[in-house]
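Report on the following structure.
The values are calculated or read from the model by the stated rules, or taken from the named source; none is laboratory data. Note that the coordinates shown come from a computational prediction; the quantities given were computed from them, not determined experimentally. Cβ placement follows ideal geometry from the backbone for every residue including glycine, while neighbour counts extend to all protein chains displayed. The area values use the complete protein model at the heavy-atom level, side chains included, leaving out ligands, DNA and RNA. Shrake-Rupley method; radii C 1.70, N 1.55, O 1.52, S 1.80 Å.
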Amino acid sequence: MNSPLLVFNTKGIYCKIADVYLDPWKPVKNAIITHGHADHSRYGHQNYITHHDNIPIIKHRLGDISVTGKNYGESFSINNVKFTLYPAGHIIGSSQVRVEHKGEVWVFTGDYKTENDGVATPYEPIKCHTLITECTFGLPAFKWKPQAEVFKEINAWWQQNQSEGKTSILFGYSLGKAQRLLKFLDTDIGKIYTHGAIENMTEVIRDIVEMPETIKITRDIKKEELRGNIVLAPPSTHGSTWIRKMVPYVTASASGWMTFRGARRRRAIDKGFVLSDHCDWDGLLQAIKLSSCEKVICTHGYTSIFARYLTELGYDARTQETQYESSLDIDQ
């Protein structure tokens, strides 16, 4: 019996024929990287291959690395195994990896979403025999509103806070979520201030996608200047001395986890907006259906529940442990 085209070992997802790993979590010789988040693009690999738009992002995070860029749809072969990157729609520069050898096709989605967010290159479904999918939000309870509705709510919240003389603080992960929020904030309401981590990453991305003007918060900025305006900050700053200087303020988080009221309470957030860079339940099912796959491997998220449901639908589905993150403590 032939070995699977891709296997999971202690270092990551491995293609033995090509001696290449996909998003490995331990240092390896050759790594194809789907996107720039820390759990998928780690330090220490000898050679990185990724989409061109992801190169400045991972170099910003990892420093001077040996990296080769590819375009979407551009195929490249390693020891007669054909690899192709396709848009994942997760964040800027994010990819799915199509792997083909002797007529067998596997697709590793990385992290992905099917809604076009107007920032990342939109997701493309890919036909395959085996699909490796995340299922971060693999429960029927997770169902996203159209993005336009969510941003209408966010801008209305900002305007209300402004009318009350308060600063709006909106939490979002520094890479991906923050730029998506920034892109659609209504600058007619006021100014957009940023935490240094978000500002630095946004400066990298400005060369790829046009973004509204922002002001980096420094020691010289007085809290009176912030009042009525909006501040984009990483979730890690909540409750810090950095944020306490902005009183009076109102906080909000933009995350898929805001579907659950308990998540907002545990984080002591005033307002929650349901906005995720991952698929909801329907998006996951749609992606799997459009792939025409026979086998599904569920990596991180609600793996057992989701795989069981897929089995009931007739798929050959199973779960697989990885070191990718989808906990409530990670902004999604």
(message) What pairs come out if I take residues in region 271-298 that are within 15 Å of P87 (Cβ to Cβ) and pair them with residues that are acidic (D, E) and open to solvent by 20 Å² or more (accessible area, probe 1.4 Å) whose C-beta lies under 8 Å away, six or more apart or interchain?
(response) G283/E115
(message) Where the second residue is among the β-branched types (V, I, T) and the first is loosely packed, with under 11 Cβ neighbours inside 10 Å and lies in region 64-86, which pairs have Cβ atoms under 9 Å and are six or more apart or on separate chains?
(response) N80/I17
(message) For A156, only one of the following conditions fails: (1) open to solvent by less than 60 Å² (accessible area, probe 1.4 Å); (2) farther than 19 Å from H90 by Cβ; (3) touching a residue at least 12 places away in the same chain (Cβ under 8 Å). What is its number?
(response) (3)
(message) Residues that are modelled with pLDDT of 95 or more, touching a Cys at 6+ places or on another chain (Cβ under 8 Å) and of a type in the set (D, E, K, R): does region 59-70 have at least one?
(response) no
(message) I'm told H40 meets every condition in (1) part of a strand (DSSP E or B); (2) touching an Asp or Glu at 6+ places or on another chain (Cβ under 7 Å) except one. Can you identify the failing condition by its number?
(response) (1)
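Kindly establish whether D316 is touching a Lys or Arg at 6+ places or on another chain (Cβ under 8 Å) and crowded, with 16+ Cβ neighbours inside 10 Å.
When the stated conditions are applied, D316 does not pass them.
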(request) For T50, state whether it is farther than 18 Å from D207 by Cβ, open to solvent by less than 20 Å² (accessible area, probe 1.4 Å), touching a Gly at 6+ places or on another chain (Cβ under 9 Å) and of a type in the set (S, T, N, Q). (result) no
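Any residue that is closer than 25 Å to N54 by Cα, at pLDDT 95 or above and buried (at least 17 other Cβ atoms within 10 Å of the Cβ) - is there at least one of those in region 235-249? Before the answer, list the steps.
At the first step, the residues of region 235-249 found to be closer than 25 Å to N54 by Cα are 235-236.
Now restrict to residues that are at pLDDT 95 or above: none.
So far as region 235-249 goes, no, none of its residues is closer than 25 Å to N54 by Cα, at pLDDT 95 or above and buried (at least 17 other Cβ atoms within 10 Å of the Cβ).
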